[in-house]
Amino acid sequence: MIDPSAPPQVQGVVRLPVGPGAGRFLVLLVVFVCAACGLVYELELVALASYLIGDSVTQASVVLSVMVFAMGLGSLLAKQLRCHAAVGFGFVEAALALIGGCSALVLYAAFAWLGEARYALVAFSLAIGVLIGAEIPLLMTLIQRTSRRGGRTGTDEDAACTVADLFAADYVGALVGGLAFPFLLLPWLGQLSGALLTGAVNVVAGGALVLWLFRGDMSARSRWWLLVANLTVLAVLATATVLVADFEAAARRAVYGERVRVAVRTDVQEVVLTGVGHGPPDLFLDGRLQVDGHHGARDHRALVAPAMRSGRHARVLVLGGGDGLAAREVLRYAGVREVTVVEIDPEIVHLARTDPALSALNAHVYRDPRVKVVHADAFSWLRSPGAARGAYDVVVSDLPDPGTTPGTKLYSQEFYGLAACVLADGGRLVVHAGAAAARPHTFWTVEATIRAAGFATRPYRVPPPADRGFVLAFAGARGAPPAPGPGVVDLGFRRPRGLPPSTLLHPRYAE
């Protein structure tokens, strides 16, 4: 609440409890803290939206463009508060701390209970952007107040130095916030608690500055309302922090049902395993179903069998597939001497080894001495010396769908070119290519990309009503490759013409 009876700050006498140098330093310190908090809010929105909605490039573009636009609006709106800059800044920071600190909670709640987080994402980006945009004009007024107390004349040179100092503190704070989010807040606290802690730091810094340093520029009534607002925000953030574990459990049940048995956030992704007792489990990675306990055997059999039946299969490479189901299908065939599983997330392999239901589903495949596990990114590993050229008869690509931006490089022409290098003469590559009916553009783009890498291809799917599409590819084959075999539906006759391949520099998997 801004009290009109408070002394105006543009022309009035400044009463500060410290000297001008110390006052200027304190304002710049708060600029630094606020900039760090603002960037954390921004990155938290991008990260959570990418996880909940997918396609991180699109989500980052939406958040950044909306926030930059809103910052311009906030700067214009802040002109109305310049005559009461101290109390205005205090309320702006209280609102920013509350909205930014709770944004992750509300965004995840919208996804869990409403099934849609896009509108909440845009609303939070707009609100946070407006409040961040209002900070700089108000802070500029406050820092000029400290200079005026020191007897400065307000020359152009003084104004230029003030702007330089303020933006230097702002940019350095943004750097610290940008580094703190992925390296400290996200791994140690997670997205929800990290955002709440950031909000608490934000409100303490903003409230302390105006309630102590600029208390003489506010009426008693304004100070009282600002103190109540800050304490209320802190109470809300503290309560949310205490309840965040219960909230996560309730939201997870809303998303995955009541059968959640394992839920862990690894360095790579969120891993959720559902199922009752020793029944067939479902495995979700970042909210997307990776293993269907009731149909996983059929789907992985359809993935592996056509490639294994088409020629030699002594040495097999599985890219992804840490759940062990693809390796289980590979080991069903006589003559397999070695299976190398390249899985980036050790936690998936640990679950596949130790969870009773999941290890039963994969037939305890990791106990087999023929199975070797390499924990590495598949793309990077294919480029490394560990990926021997011409060493494998079959390469099975059992990777998450290409609908998320981090996965597009694993469905690129360059990736399939690297896979071709590790195949022996007459080797086969088989790729899980997503939903053939629900996402036909993505499915056929995968097929076109594999062909562009020099393979002859046979696209196929499991029989309806299931919607799992695959591509069987033959390295260096001449003419039409053989059919994928019984038990699957050959889709070669449906191949569209003219689809360009997806590359690292030009990903083409947006529907």
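The values are calculated or read from the model by the stated rules, or taken from the named source; none is laboratory data. Predicted, not measured: the structure shown is a model, and the values here were computed from it. Quick reminder, even Gly has a Cβ in these numbers, built from the backbone with ideal geometry, and neighbours come from all protein chains shown.
When you look at E414, is it closer than 25 Å to M308 by Cβ, assigned to a helix (DSSP H, G or I), of a type in the set (D, E) and touching a residue at least 24 places away in the same chain (Cβ under 8 Å), yes or no? It is false that E414 is closer than 25 Å to M308 by Cβ, assigned to a helix (DSSP H, G or I), of a type in the set (D, E) and touching a residue at least 24 places away in the same chain (Cβ under 8 Å). Looking only at the stretch 345-357, decide whether some residue is crowded, with 20+ Cβ neighbours inside 10 Å and within 21 Å of the chain's Cα centre (by Cα). Checked against the condition, which is being crowded, with 20+ Cβ neighbours inside 10 Å and within 21 Å of the chain's Cα centre (by Cα), the stretch 345-357 yields at least one hit.
As a summary of the residue check, G386 satisfies the conditions (1) over 25 Å from A483 (Cβ atoms); (2) in contact (Cβ under 8 Å) with a residue 24 or more places away in the chain; (3) assigned to a loop (DSSP other than H, G, I, E, B) except for the one numbered (2).
Taking R315 as the residue in question, decide whether it is at pLDDT 80 or above and in contact with a Gly (Cβ under 7 Å, 6 or more places away or on another chain). Judged against the criteria, R315 is not a match. For first residues located in the stretch 344-367 and over 27 Å from L382 (Cα atoms), partners that are charged (D, E, K, R) and lie 6+ apart or on another chain with Cβ distances below 7 Å form the pairs L358/D323; S359/R353; A363/R328. Scanning the stretch 75-93 for residues that are crowded, with 20+ Cβ neighbours inside 10 Å and more than 27 Å from the chain's Cα centre (by Cα) yields A78, L81, H84, A85, A86, V87, G88, F89, G90, F91, V92. Given the criteria out of contact with any Gly (no Cβ under 7 Å at 6 or more places or on another chain), within 25 Å of E338 (Cα to Cα), surrounded by fewer than 24 Cβ atoms within 10 Å (Cβ to Cβ) and not aliphatic (A, V, I, L, M), does P440 qualify? Considered against the rule, which asks whether it is out of contact with any Gly (no Cβ under 7 Å at 6 or more places or on another chain), within 25 Å of E338 (Cα to Cα), surrounded by fewer than 24 Cβ atoms within 10 Å (Cβ to Cβ) and not aliphatic (A, V, I, L, M), P440 comes out as no. Across the stretch 30-57, what is the total count of residues that are of a type in the set (S, T, Y) and free of Cβ contacts under 8 Å to residues at least 40 places away in the same chain? Number satisfying all stated conditions: 0.
Yes/no matrix, rows are residues, columns are (1) crowded, with 20+ Cβ neighbours inside 10 Å; (2) part of a loop (DSSP other than H, G, I, E, B); (3) in contact with a Phe, Trp or Tyr (Cβ under 8 Å, 6 or more places away or on another chain):
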| site | (1), (2), (3) |
| --- | --- |
| R261 | no, no, no |
| L289 | no, no, no |
| G293 | no, yes, no |
| A297 | no, no, no |
| V304 | yes, no, no |
| G311 | no, yes, no |
| V316 | yes, no, yes |
| A326 | yes, no, no |
| E329 | yes, no, no |
